[in-house]
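K.L.:
Before anything else, here's the structure in question.
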Amino acid sequence: MRYNTAYAKLIKKDEIAENIFDFVLECPPLAEKSRAGQFAHIAVPGKTLRRPISICDADDKNIRIVFQIKGEGTEILSQSKVGDFIDILAPLGHGFNIPKEKRIAFVGGGIGVPPMLFSAKQADDAVAVLGFRNKNAVILTEDFKKVCSEVLVATDDGSFGMHGFTSDILRNIIDDTDMVCACGPTPMLRVIAEICKENNKPCQVSLEERMGCGIGACLVCACKTLDKDGNIEHSHVCKKGPVYNAEEVVW
């Protein structure tokens, strides 16, 4: 398999919340191939391993990524300046399968929110269900309002939107939802999947796993899933995922 790499020019940079950065990268050959739910693997100066970052949005010229500083690598990446060229391997993985003419709830938690923006753009009737720790961590709500019929927000402490979790919101709207797509921490995804199973609603989840190579050559991102016969197997999230049908995942 041939993987697509490029030196993408950083044309826009914003810190949209504390330690959360919004980059727009100019790279037409990769941008036009990107699909909702896929990710980019980004080289960081001085580091051997690339950093996997979900694609927040893309058009025929640019890829937008939103990432949080979580360690030395992303700290270095955040110091990039407009005009710099960034080594990017993209698009990688399998994304969401989003049917038209369906009312779809796009559920994002924390840094799992950004990839749901590109995903919501693919639906005819999208409802965003977003969860954050508190009001200072809230991001991208105005972007979602431009592409969704409804934007529902919950915070753990009630400082913005509903006091509670994304699962609380989803329970309130599940009857009027045809399917669910979700990205966020594993505990959140597990509950979202349970709600969908209880209500007989299709559910796709994007798993967050540590990655090494990003192309399926190492074992870092292996997780337990079920094959077509219901047997447990270990699949590479970077290659077979990051998006799975929820019933495939061994929680």
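K.L.:
Counting only residues that are aliphatic (A, V, I, L, M) and over 12 Å from residue 21 (Cβ atoms), which one in region 55-75 is surrounded by the fewest Cβ atoms within 10 Å (Cβ to Cβ)?
P.N.:
Looking only at region 55-75, we keep the residues that are aliphatic (A, V, I, L, M), and these are 55, 58, 63, 65-66, 69.
Subsequent filtering for residues that are over 12 Å from residue 21 (Cβ atoms) retains 55, 58, 63.
Numbers: 55: 29, 58: 26, 63: 29.
The residue in question is 58.
K.L.:
Do any residues in region 174-197 that are open to solvent by 60 Å² or more (accessible area, probe 1.4 Å) have Cβ atoms under 7 Å from those of residues that are at pLDDT below 95 and among the hydroxyl-bearing types (Ser, Thr, Tyr), where the two are at least six apart or on different chains, and which pairs are they?
P.N.:
Pairs that qualify, where the first residue is open to solvent by 60 Å² or more (accessible area, probe 1.4 Å) and the partner is at pLDDT below 95 and among the hydroxyl-bearing types (Ser, Thr, Tyr): there are none.
K.L.:
If the requirement is being among the hydroxyl-bearing types (Ser, Thr, Tyr), open to solvent by less than 10 Å² (accessible area, probe 1.4 Å), closer than 20 Å to residue 245 by Cα and out of contact with any Lys or Arg (no Cβ under 6 Å at 6 or more places or on another chain), which of these qualifies: 167, 119? Working first, answer last.
P.N.:
Working: 167 fails: open to solvent by less than 10 Å² (accessible area, probe 1.4 Å).
Exactly one residue qualifies, and that residue is 119.
K.L.:
Quick one: would you say residue 218 is open to solvent by less than 40 Å² (accessible area, probe 1.4 Å) and at pLDDT below 95? Working first, answer last.
P.N.:
Working: open to solvent by less than 40 Å² (accessible area, probe 1.4 Å): yes; at pLDDT below 95: yes.
So residue 218 fits the description; yes.
K.L.:
Which of the residues that make up region 1-33 are touching a helix residue (DSSP H, G or I) at 6+ places or on another chain (Cβ under 7 Å) and open to solvent by 80 Å² or more (accessible area, probe 1.4 Å)?
P.N.:
Once the filter is applied, which keeps residues that are touching a helix residue (DSSP H, G or I) at 6+ places or on another chain (Cβ under 7 Å) and open to solvent by 80 Å² or more (accessible area, probe 1.4 Å), region 1-33 yields only 18.
K.L.:
Here is a follow-up. I need the full set of residues from region 81-91 which are under 13 Å from residue 44 (Cα atoms), of a type outside the set (Asp, Glu) and out of contact with any Lys or Arg (no Cβ under 7 Å at 6 or more places or on another chain), in order please. Even if it seems obvious, please write down each step before you answer.
P.N.:
Our first condition is that a residue be under 13 Å from residue 44 (Cα atoms); within region 81-91, this holds for 84-89.
Right, trim to of a type outside the set (Asp, Glu) and you get 85-86, 88-89.
Selection gives 86, 88.
K.L.:
Would you confirm whether any residue within region 201-210 is of a type in the set (D, E, K, R), under 15 Å from the mean Cα position of the chain (by Cα), at pLDDT below 95 and surrounded by fewer than 18 Cβ atoms within 10 Å (Cβ to Cβ)? Walk me through how you get there before you give the answer.
P.N.:
Step one: list which residues in region 201-210 are of a type in the set (D, E, K, R), which gives 201, 208-210.
Filter once more, so that each one left must be under 15 Å from the mean Cα position of the chain (by Cα): 208-210.
From what is left, the residues that are at pLDDT below 95 are 208-210.
After this cut, where a residue has to be surrounded by fewer than 18 Cβ atoms within 10 Å (Cβ to Cβ) as well, the list is 209-210.
Within region 201-210 (the criterion being of a type in the set (D, E, K, R), under 15 Å from the mean Cα position of the chain (by Cα), at pLDDT below 95 and surrounded by fewer than 18 Cβ atoms within 10 Å (Cβ to Cβ)), the answer is yes, since at least one residue qualifies.
K.L.:
Something else now. With among the hydrophobic types (A, V, I, L, M, F, W, C) and in contact with a helix residue (DSSP H, G or I) (Cβ under 7 Å, 6 or more places away or on another chain) as the only criterion, which of 203, 218 stands out?
P.N.:
On the way: 218 fails: in contact with a helix residue (DSSP H, G or I) (Cβ under 7 Å, 6 or more places away or on another chain).
Result of the check over 203, 218: 203.
K.L.:
β-branched (Val, Ile, Thr), buried (at least 16 other Cβ atoms within 10 Å of the Cβ) and in contact with a strand residue (DSSP E or B) (Cβ under 6 Å, 6 or more places away or on another chain) - does that describe any residue in region 79-92?
P.N.:
Within region 79-92, the first condition is being β-branched (Val, Ile, Thr), and the residues that meet it are 82, 86, 88.
Going one step further and asking which of them are buried (at least 16 other Cβ atoms within 10 Å of the Cβ), we end up with 86, 88.
So of that shortlist, the ones also in contact with a strand residue (DSSP E or B) (Cβ under 6 Å, 6 or more places away or on another chain) come out as 86, 88.
Yes: one or more hits.
K.L.:
Please report, ordered by residue number, the strands (runs of 3 or more DSSP E) entirely within region 1-118 with at least 1 residues that are farther than 27 Å from residue 217 by Cβ, polar (S, T, N, Q) and without any contact (Cβ under 8 Å) to a residue 24 or more places away in the chain.
P.N.:
Filter on region 1-118 gives an empty set.
K.L.:
Would you check which residues across region 34-54 are under 17 Å from the mean Cα position of the chain (by Cα), open to solvent by 60 Å² or more (accessible area, probe 1.4 Å) and either closer than 20 Å to residue 11 by Cα or of a type in the set (Asp, Glu) (or both) and list them?
P.N.:
Correct list: 51 only.
The values are calculated or read from the model by the stated rules, or taken from the named source; none is laboratory data. What you see is a predicted model, and the numbers here were worked out from it, not measured in a lab. Glycine also receives a Cβ, built like all others from the backbone with ideal geometry; neighbour counts cover every protein chain displayed. Note: areas computed on protein heavy atoms with side chains; ligands, DNA, RNA excluded. Shrake-Rupley method; radii C 1.70, N 1.55, O 1.52, S 1.80 Å.
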